[in-house]
1. Of the conditions (1) in a loop (DSSP other than H, G, I, E, B); (2) more than 19 Å from the chain's Cα centre (by Cα); (3) of a type outside the set (S, T, N, Q), E68 satisfies every one except a single condition; which number is it?
2. What pairs can you find where one residue is in the stretch 40-60 and on the phi < 0 side of the Ramachandran plot and part of a loop (DSSP other than H, G, I, E, B), the other is open to solvent by less than 50 Å² (accessible area, probe 1.4 Å) and modelled with pLDDT of 95 or more, and their Cβ atoms are less than 6 Å apart, with a gap of 6+ or different chains?
3. Of all residues in the stretch 53-65 being of a type in the set (A, V, I, L, M, F, W, C) and more than 15 Å from E97 (Cα to Cα), which is most open to solvent (accessible area, probe 1.4 Å)?
4. When you check T42 against the structure, is it β-branched (V, I, T) and under 14 Å from V109 (Cα atoms), yes or no?
5. Between E68, E100, which is closer than 27 Å to K154 by Cβ and either open to solvent by 80 Å² or more (accessible area, probe 1.4 Å) or among the acidic types (D, E) (or both)?
6. Cβ-Cβ under 7 Å, sequence separation 6+ or interchain: first residue in the stretch 140-152 and in contact (Cβ under 8 Å) with a residue 60 or more places away in the chain, partner open to solvent by 80 Å² or more (accessible area, probe 1.4 Å) and not hydroxyl-bearing (S, T, Y). Which pairs?
7. Tell me, which residue of the stretch 1-34 that is acidic (D, E) and not in a helix (DSSP H, G or I) is farthest from the chain's Cα centre (by Cα)?
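The values are calculated or read from the model by the stated rules, or taken from the named source; none is laboratory data. No experiment lies behind these values; they were computed from the predicted model shown. All Cβ positions, even for glycine, are placed from backbone atoms using ideal geometry, and neighbour counts span all protein chains on display. Ligands, DNA and RNA are stripped out before the accessible areas are found, and what is left, the full protein with its side chains, is counted by its heavy atoms. Shrake-Rupley method; radii C 1.70, N 1.55, O 1.52, S 1.80 Å.
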Amino acid sequence: MAREFELKFRASARQMTAILEDHAGFREISMETAYFDPPENTLSQRKWTLRQRRENGQSVCTLKTPAENGGREEFEVPCEDIQAAIPELCKLGAPAELEELTRKGVQKVCGARFVRQAATLALEDCTLELALDRGILQGGARIQLLGEVEVELKEGSEDAAIAFART
């Protein structure tokens, strides 16, 4: 389990191009993400996120829960099937009630397909990942374009990450 601290911003293609010009070392990752919940929406009611993501073809299942001190707790396991991943996530320390809440199964509620350009930046008071996501979001029959910049703290000062994100 890890504590996640990230900031996300909607961005235009022009803004993303400017960021790419200002920073070096970006790598490209093809991503497809599906989010799951039982039919009763018991996970989303708790502000929990159950996700399966394929990154360049590799499947990773994740549960994110709110953290007491802000951010989110994140539990992650490589797995090809979201239902099979649930007991493994609990073994890693995810809330034990996850198994009971999902006992009857889960269904896909939304998803995304996008290309991420990501770079690790070592700043004076922190190390962060700067990610630019371009693609589509899908929910039911609706599709929306995705243009997002994410600043994720890997180690160091949250204040330094926030200050960088403001730039």
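1. Single failed check for E68: (2).
2. These pairs meet every condition: W48/T65.
3. Here the residue is V60.
4. The answer is yes for T42.
5. Only one candidate qualifies: E68.
6. Final answer for the pair search is G147/R10; G147/R134; E148/K8; E148/F9; E148/R10; V149/F9; E150/K8.
7. E28
Rundown of residues vs (1) within 25 Å of L132 (Cβ to Cβ); (2) of a type in the set (D, E, K, R); (3) crowded, with 16+ Cβ neighbours inside 10 Å, yes/no style:
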| site | (1), (2), (3) |
| --- | --- |
| F9 | yes, no, no |
| E21 | yes, yes, no |
| T49 | yes, no, yes |
| C79 | no, no, yes |
| E88 | no, yes, no |
